[in-house]
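Student: Below: one structure in structure tokens.
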Amino acid sequence: MTHPHTHETAVPAEHHHVALPQHRHHFETEEQQREAGSFGMWLFLLTEIMFFGGMFFAYLLYRNWYYDAFVVASNQLSIPLGATNTVILIGSGFFMALGVWAAEVKKKGLLVLFLILTTLLGVAFLGIKGVEYHEKWEKHHIPGAHFDVSEFVNPHAYGLHEEPLSPDMAQKTQIFFFLYFAMTGMHAFHMIIGIVLLFWLTWRAHAGDFSKGYVAPIENFGLYWHFVDIVWLFLFPLLYLINRHPL
Amino acid sequence: MSDKHDAANVTNPEHAEHHIVSPFQYSLVFGTLLLFTGITVGAAYVDMGVLNPIIALGIASFKAVVVILFFMHVKYQSRLIKMTVAAGFFTFLVLITMTLCDYMSRAWGLW
């Protein structure tokens, strides 16, 4: 790294190599400012790993404890819907990554387009999630006073090819559904926050804020969005896939 | 060279060049992620006993690493960022392992 050593001592040196208006004076170089930004964003994401990690740990523990209940309850989830949502989310991550690229190569129109596509796929994900939640609501599979275990105690009467659970164990399916709603709900909540931020970023991108070489907000939001994708990459197999019976 | 901005004095963690990942490369990553999503869904319908969760989580971990390296640019970041990311996951692993040791040994043989 070489610095232009052209400035006079009489001039405040800090403001000499500034190329962009967003370069803060307490950073020596723009690179350093960018590095500090990414570093801070990653530290935040690490706290998120610990936060989601706590729920993943609870899942691990209760799955070991009430394995039979977890198998039966997990088979209530729809793999086609879950897989569709996985593809949608990967797609939105792909468009977000392209958005970061568009900002880096200063293509304003493409950046706005990719941010809008990211938003649309995010909304589609939440829509499908809503369909899934609604089905649980109708079947009385939401933990609480109205939870109905009859399907798990007497599955054959409902046309299910599951092992009947004892009434005691059938109650434990509530723990699976509680974790299902807690984990996917917190994931969806992160997506809602992300979509709100996307509206704001799209607005600013449209105003030309990120197409002149200043890409940090887009880049750091990209990290957040990809992190939320990664959480789903683990939720999908854990909740939908690993207890599946061969058909 | 009594310059305040002596380059050697800059507390820059590492002069990582800003690397722009191309749309083509992103497309390859996208294709890989879709492929492995298909594989993991297919594997769920095959009864492999204890291997089912292992394979499912292995594929999920692989996909996560691909996302972190390419979509999240960690492959092209400075060593500081790489170490930060690695340290985070490592710490999480340590916490999980130690807590599991406690829980599992308390209820030995009861699950």
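The values are calculated or read from the model by the stated rules, or taken from the named source; none is laboratory data. Just so it is clear, the structure is predicted and the values come from calculations on it, not from any experiment. Note that each Cβ is placed from the backbone with ideal geometry, even for glycine, and that neighbours are counted across all protein chains shown. Each accessible area value is taken on the protein alone, full model and side chains, heavy atoms only, with ligands, DNA and RNA left out. Shrake-Rupley method; radii C 1.70, N 1.55, O 1.52, S 1.80 Å.
Yes/no matrix, rows are residues, columns are (1) modelled with pLDDT under 90; (2) not charged (D, E, K, R):
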site	(1), (2)
B:Ser2	yes, yes
B:Asp6	yes, no
B:Thr11	yes, yes
B:His18	yes, yes
B:Tyr26	no, yes
B:Gly38	no, yes
B:Gly49	yes, yes
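Residue-wise test of (1) within 14 Å of chain B (Cβ to nearest Cβ); (2) part of a helix (DSSP H, G or I); (3) not small (Gly, Ala, Ser).
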| position | (1), (2), (3) |
| --- | --- |
| A:Leu179 | no, yes, yes |
| A:Gly194 | no, yes, no |
| A:Leu198 | no, yes, yes |
| A:Asp209 | no, no, yes |
| A:Lys212 | no, no, yes |
| A:Val228 | yes, yes, yes |
| A:Phe234 | yes, yes, yes |
| A:Leu239 | yes, yes, yes |
| A:Asn243 | yes, no, yes |
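Student: What about A:Gly93, is it out of contact with any helix residue (DSSP H, G or I) (no Cβ under 6 Å at 6 or more places or on another chain) and among the small types (Gly, Ala, Ser)?
Tutor: So A:Gly93 fails the test.
Student: Can you name every residue in the stretch A:85-119 that is in contact (Cβ under 8 Å) with a residue 40 or more places away in the chain, surrounded by fewer than 22 Cβ atoms within 10 Å (Cβ to Cβ) and facing chain B (nearest Cβ under 10 Å)?
Tutor: The one that is in contact (Cβ under 8 Å) with a residue 40 or more places away in the chain, surrounded by fewer than 22 Cβ atoms within 10 Å (Cβ to Cβ) and facing chain B (nearest Cβ under 10 Å): A:Glu104.
Student: Does the stretch B:82-100 contain any residue that is in contact (Cβ under 8 Å) with a residue 12 or more places away in the chain and of a type outside the set (Lys, Arg)?
Tutor: Checked the stretch B:82-100: at least one residue is in contact (Cβ under 8 Å) with a residue 12 or more places away in the chain and of a type outside the set (Lys, Arg).
Student: Still on this model: Go through the stretch A:152-201 and count every residue that is open to solvent by less than 20 Å² (accessible area, probe 1.4 Å) and either under 30 Å from A:Phe114 (Cβ atoms) or not small (Gly, Ala, Ser) (or both).
Tutor: 18
Student: Based on this model, can you work out whether B:Leu28 counts as under 23 Å from A:Leu223 (Cβ atoms), open to solvent by 50 Å² or more (accessible area, probe 1.4 Å), out of contact with any strand residue (DSSP E or B) (no Cβ under 8 Å at 6 or more places or on another chain) and within 7 Å of another protein chain (Cβ to nearest Cβ)?
Tutor: So B:Leu28 fails the test.
Student: Find all pairs meeting these conditions: Cβ atoms under 8 angstrom apart; at least six residues apart or on different chains; first residue within the stretch A:53-67 and within 10 Å of chain B (Cβ to nearest Cβ); second residue of a type in the set (Gly, Ala, Ser).
Tutor: A:Trp65/B:Ala107
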